[in-house]
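Each remark here refers to the structure printed beneath this line.
The values are calculated or read from the model by the stated rules, or taken from the named source; none is laboratory data. All values derive from a computational prediction rather than experimental measurement. FYI the Cβ positions are ideal-geometry reconstructions off the backbone, even for glycines, and counts take in every protein chain you see.
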Amino acid sequence: MTSDAELGLRDRLARLSGVKLLRGTRLSAEFERLQRQLERLKDDTSDEEIWQRVELARHKDRPYTLDYVERILDDFFELHGDRGRMDDHAIVAGIGKLEGRTIALLGHQKGRDLKERTKRNFGMAYPEGYRKAVRVMELADRHGFPLVTLVDTPGAFPGVAAEQHGQGGAIARSQAMMMRLGVPTVSVVIGEGGSGGAIAIAVADRVLMQENAIYSVISPEGCAAILWRDASQAKKAASAFRLDAAHCLDLGVIEGIVPEPVGGAQTDVDAAALFLRESVVSHLHELDGTASDDLRRARRAKFRSMGVFA
Amino acid sequence: MTSDAELGLRDRLARLSGVKLLRGTRLSAEFERLQRQLERLKDDTSDEEIWQRVELARHKDRPYTLDYVERILDDFFELHGDRGRMDDHAIVAGIGKLEGRTIALLGHQKGRDLKERTKRNFGMAYPEGYRKAVRVMELADRHGFPLVTLVDTPGAFPGVAAEQHGQGGAIARSQAMMMRLGVPTVSVVIGEGGSGGAIAIAVADRVLMQENAIYSVISPEGCAAILWRDASQAKKAASAFRLDAAHCLDLGVIEGIVPEPVGGAQTDVDAAALFLRESVVSHLHELDGTASDDLRRARRAKFRSMGVFA
Amino acid sequence: MVEMSATDKVDVSIEHKQVTLDDGTVKKHPNTCPGCGSHYRDDELQASLRVCPQCEYHFPVRGLERIEQLADPGSFAEDESALRSGDPLEFFDLRPYTERLAEAEESTGLGDAMITGSALIEALPCRLAVMDFSFMGGSMGSVVGEKFARACDHAAADRLPLVSVSSSGGARMQEGILALMQLPKTICALEELHASGGVMISVLAHPTTGGLLASFASLGDVLVAEPGALMSFAGPRVVAQTTREKLPDDFGLAESNLRFGHIDRIVPRQELRPVLAQLIRLFRRTA
Amino acid sequence: MVEMSATDKVDVSIEHKQVTLDDGTVKKHPNTCPGCGSHYRDDELQASLRVCPQCEYHFPVRGLERIEQLADPGSFAEDESALRSGDPLEFFDLRPYTERLAEAEESTGLGDAMITGSALIEALPCRLAVMDFSFMGGSMGSVVGEKFARACDHAAADRLPLVSVSSSGGARMQEGILALMQLPKTICALEELHASGGVMISVLAHPTTGGLLASFASLGDVLVAEPGALMSFAGPRVVAQTTREKLPDDFGLAESNLRFGHIDRIVPRQELRPVLAQLIRLFRRTA
Ligand SMILES: [Zn+2]
Ligand SMILES: [Zn+2]
């Protein structure tokens, strides 16, 4: 990592952590840990370390959207259906109170057991799921509710009906809708941020990743199968992709990293939820009071500037 | 008919016809005929005369939306699909030039022969048809294209899939969208204006009816079956409903009547198209230059005031 | 638009696919639950919010009783109660419309099929617009349209949430095309409420069909339905006749509508009051 | 996101369900139409806009040739041609990304997979953004994203319609997460164009898949596709592997997409130029 990039990273982590994560006493310790992480980032992370994050991001006990919802929001009311054809259980949506004010929440939802996994389609949404998302975004916009999205999907579902019902267009329209919102938006990748299915609900003012979340244009296995012609090269692909949070921060794709308990979010879901809540709340506070037009302008400028070219 | 109502009707017909229908030479004759009609309206129309209109409105040779499109618009480009699930052929949509400027057009489309009737589902739209309509309304609004809708449906399709896909909500949302448009809107009932399926695309600044069109809350047969418990009493029901253009004008539900050639639109489609075109153009001219907010305000005030109560 | 609006004598259950236990031959006890066949006492049924304690069958609820179930005791203040329908078509089928209106008013004690006013739900102020199916099948004519529109106006002016409870066969045929015009009229009023930042919570009770489903009832910010409530644009009989298809067992029911993405939740009647309170808290405007 | 972006060696037809006449055993004439098996002469095929005169099979068209087909002769002025991709990930699979880029540039003569500029179509001024599948499978990385965004900016500034012709396997894997970010980036630029009152006409050529279909290509004011063009978010092989379903014969093809309501029209290549001129006339801003 170049020292410029490191400085930038240090600066961002400081902004993220210094002010906002020091609220609870437990958070101070986390902050220190985050600092130590920062130190380590000087050296390139090893393939093995990145792969550990991939495994943690997909851990069978990793908390899912609804695990956080029940710990973070009060009075949560789930909203169902796209008002067209289906209620897609791979995406949950609703409104609830966060620190006393109403927000709208959207998130991919995987399943814990086989039955739930089937119901949730392993967190892989149909176009109807993204249409439900758009509907709830419109509701949030109309009522001035800040929008929080939790991203955790291997990708949008690749199926015949999904294609027939317009998967590509639905994902495109969900992004376009997020560009239009006049309310503050915060997205957090809490597990797998898989490709178009992830970005569909992650076009936010602030995009964060949990410490062990991954965010990528294609799954490491998919990439390896194509580029290395060998799916078992997934570790190499993961590393080449820099799909971990630190690298995404370095690339300017996300604004911050949400710490997890040592060993991963699944070791202490309550603590993970506390950190998540603090991060979201602090970013929403920063965005508070910004006029709708300014929110949109800054959001668009941010995404407009992404890419590396000469 | 009370003399107050008659005065109102006379006034409205004068406004409608006096200025605007006198453009072409053929139209002068029609104007006179319209005047004569007005005289006749003093006396109550007989059940038989109203039923003749029902039969003309449903005449197998009556011109349909696309018959008018090809005669009225230049450079018509048909737009297909609801971007979700289907292209519903019971509603056609597109953009084209009317007197040199681009407008958006929507209309129910019946079929002439059996094959076409099946394809068009007899002009009975699925929710997908109304979603296509909403999509094209949004397009028109964004580009400032005036919207013209041609209404000609027995009603929205009553089927299992139609219900499952949200027929009621789709019709409601199409009306809501028309309330929001910032562009001038003119709707013309050109045949059957059947219930919710008709009003879905008829919430316009100016609603007109062709001379032999009908507009009703339920089909005469349906009404007769329920209220008279005898579908053969449809004539009575039609008459009781006052579903003809003159009565709808009298009730304040429409703003004007578009004359048809003697004997009905099917006797001379070119002439019928000419009258339709003149009426639409003149109403659009009247609306030209009105600010979007004022259009919306007036449109809402108009529909808000409908109903008779004490 | 929907045949159920034709008469106030329609048995609500006839459109209800899940309730066909009556074999038509056995003479039934007058207080027999159509859901499970058990007998009930009137006072007990009322105490259980007209939900069968055995099978959870939701019996119809009249408008004022619904308000009693939802609003804090004594908090409801009705408005617009003097509105009465005109007879713009001088409509006469087997009997004059005016006669039907007078009879409905006498039998129900209501001016029309909707009751509106202000109320508290769990001490939270709101506006109510509650329909009564007993008044000409809950059909929507000029008075229902005007009352709903004024309820929107009041909610916007007072910055209060509007809760509607629909139960209707659709547009009122006897008002002809003007009944159809109540669809855009109510939608228009709701648009203005929404434009003012207001919220409408739509409760769909059995049945919400035809013009109701094609207008304001579908356009709430949140839609909740009672279990087993029929929600269809076209009634099951019309659909069966038109398409000659065998209808699914749950055709048009709330449960089917939830699956197909048209409502947010099915709320058993016992939970309706707290759920509405929760929604009012969530949508309450603090500023 | 879609495997076709991996290499510039991918045969366009492999994802094309309707073109499977090749039995794999007979050695074919090099100029054999995959649609009907007839042989063609290169100059004749070019003269027929690369459409088989026998069976109407639409062969792939390179970016510059597409522009020649659409724009008035000599009217095209390329811009942003100096843009070149960085290598933010220092990506290395079997070979370095930089090497793949250099090779693609040498073999195609292009700086990246999109060509942008101003042109006249039937004497009507417009902006063009045309993709070339030969450059790394038409994959969208930072340069394609930036070029498209700038094309939107130019169109908005000049108040001209933007015509895009897409042909792409999706996002460019070698740019990792930054390739994914080209989806919101291009959508964002298109939103600004739309906000300025501008129009984008999206032509979908074979193939338009993955990130292209999930971004600007789906968001044109009008969407027209070439006959037989594959338009799918997930490629047929991925869908077949994941779901173990037998795919419909026309899976993901333009014809299927028209039926399912996702595009406005299928336009044979011979009609594309006049149709685009018609659309430009319809959307032209007079004020
Ligand atoms: Zn029971
Ligand atoms: Zn051929």
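Looking at A:120, A:142, A:131, can you tell me which residue is free of Cβ contacts under 8 Å to residues at least 40 places away in the same chain and crowded, with 19+ Cβ neighbours inside 10 Å? Before you say what the answer is, go through the steps one by one.
On the way: A:142 fails: crowded, with 19+ Cβ neighbours inside 10 Å; A:131 fails: free of Cβ contacts under 8 Å to residues at least 40 places away in the same chain.
Only one candidate passes the filter, namely A:120.
Would a scan of the range B:242-260 turn up a residue that is free of Cβ contacts under 8 Å to residues at least 40 places away in the same chain and either among the hydroxyl-bearing types (Ser, Thr, Tyr) or over 18 Å from residue B:209 (Cβ atoms) (or both)? No: zero hits. Of everything in the range D:152-186, what is more than 10 Å from chain A (Cβ to nearest Cβ), free of Cβ contacts under 8 Å to residues at least 60 places away in the same chain and under 15 Å from the mean Cα position of the chain (by Cα)? Give them in sequence order. Listed by number, the residues that qualify are D:162, D:164, D:166. Of all residues in the range C:201-254, exactly one satisfies the criterion of being on the phi > 0 side of the Ramachandran plot and either among the hydroxyl-bearing types (Ser, Thr, Tyr) or assigned to a helix (DSSP H, G or I) (or both), namely C:210.
I need the full set of residues from the range B:223-238 which are more than 7 Å from every other protein chain (Cβ to nearest Cβ) and farther than 13 Å from residue B:51 by Cβ, in order please.
B:225, B:229, B:230, B:231
Yes or no: residue C:131 within 13 Å of chain B (Cβ to nearest Cβ) and of a type outside the set (Ser, Thr, Tyr)? The answer is no for residue C:131.
Just checking, does the range C:261-273 include any residue being within 19 Å of residue C:227 (Cα to Cα), assigned to a helix (DSSP H, G or I) and at the interface with another protein chain (Cβ under 10 Å from one of its Cβ atoms)? Spell out how you get there, then give the answer.
Of all residues in the range C:261-273, those within 19 Å of residue C:227 (Cα to Cα) come to C:261-273.
Imposing the further condition that a residue be assigned to a helix (DSSP H, G or I) reduces the set to C:269-273.
Next, from what is left, pick out any that are at the interface with another protein chain (Cβ under 10 Å from one of its Cβ atoms): none.
No, there is no match, as no residue in the range C:261-273 is within 19 Å of residue C:227 (Cα to Cα), assigned to a helix (DSSP H, G or I) and at the interface with another protein chain (Cβ under 10 Å from one of its Cβ atoms).
Residues in the range B:285-310 that are closer than 21 Å to residue B:248 by Cα and more than 14 Å from chain C (Cβ to nearest Cβ): 0 in all. Just to be sure, is residue C:67 more than 16 Å from ligand 2 (Cβ to nearest atom), under 20 Å from the mean Cα position of the chain (by Cα) and modelled with pLDDT under 95? Taking the combined requirement at face value, the residue does not satisfy it.
Residue-by-condition table, conditions (1) of a type in the set (Phe, Trp, Tyr); (2) within 9 Å of another protein chain (Cβ to nearest Cβ); (3) crowded, with 24+ Cβ neighbours inside 10 Å; (4) closer than 21 Å to residue A:302 by Cβ:
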site	(1), (2), (3), (4)
A:204	no, no, yes, yes
A:240	no, yes, yes, no
A:256	no, no, no, yes
A:261	no, no, no, no
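Could you list all residues from the range B:158-172 that are crowded, with 22+ Cβ neighbours inside 10 Å and either facing chain C (nearest Cβ under 8 Å) or without any contact (Cβ under 8 Å) to a residue 40 or more places away in the chain (or both)?
Taking the range B:158-172 as the starting set, the residues that turn out to be crowded, with 22+ Cβ neighbours inside 10 Å are B:158, B:162-163, B:165-172.
B:158, B:162, B:163, B:165, B:166, B:167, B:168, B:169, B:171, B:172, listed by residue number.
A residue that is modelled with pLDDT of 95 or more and touching a Leu at 6+ places or on another chain (Cβ under 9 Å) can be found somewhere in the range C:232-243. All conditions in (1) touching a Gly at 6+ places or on another chain (Cβ under 8 Å); (2) closer than 21 Å to residue B:204 by Cβ hold for residue B:133, with the sole exception of (1).
Looking at C:54, C:69, just one residue is more than 10 Å from ligand 1 (Cβ to nearest atom) and among the polar types (S, T, N, Q), and that residue is C:69.
So which of D:75, D:118, D:38 is among the polar types (S, T, N, Q), away from chain A (no Cβ under 14 Å) and within 16 Å of ligand 2 (Cβ to nearest atom)? Walk me through it before giving the result.
Values: D:75 fails: within 16 Å of ligand 2 (Cβ to nearest atom); D:118 fails: within 16 Å of ligand 2 (Cβ to nearest atom).
Only one candidate qualifies: D:38.
The set of residues from the range B:288-309 being aliphatic (A, V, I, L, M) and surrounded by 19 or more Cβ atoms within 10 Å (Cβ to Cβ) comprises just one member, B:306. Each residue in the range D:158-177 was checked for being under 16 Å from residue D:128 (Cβ atoms) and among the β-branched types (Val, Ile, Thr), and 2 pass.
Name the residue, out of D:193, D:272, that is farther than 27 Å from residue A:304 by Cβ, modelled with pLDDT of 95 or more and either surrounded by fewer than 22 Cβ atoms within 10 Å (Cβ to Cβ) or in contact with a strand residue (DSSP E or B) (Cβ under 8 Å, 6 or more places away or on another chain) (or both).
Values: D:193 fails: farther than 27 Å from residue A:304 by Cβ.
Being farther than 27 Å from residue A:304 by Cβ, modelled with pLDDT of 95 or more and either surrounded by fewer than 22 Cβ atoms within 10 Å (Cβ to Cβ) or in contact with a strand residue (DSSP E or B) (Cβ under 8 Å, 6 or more places away or on another chain) (or both) holds for just one of D:193, D:272, which is D:272.
Looking only at the range A:168-201, count every residue that is among the charged types (D, E, K, R) and outside any helix (DSSP H, G or I) and tell me the total. Reasoning before the result, please.
Our first condition is that a residue be among the charged types (D, E, K, R); within the range A:168-201, this holds for A:173, A:180, A:192.
Subsequent filtering for residues that are outside any helix (DSSP H, G or I) retains A:192.
Here the count works out to 1.
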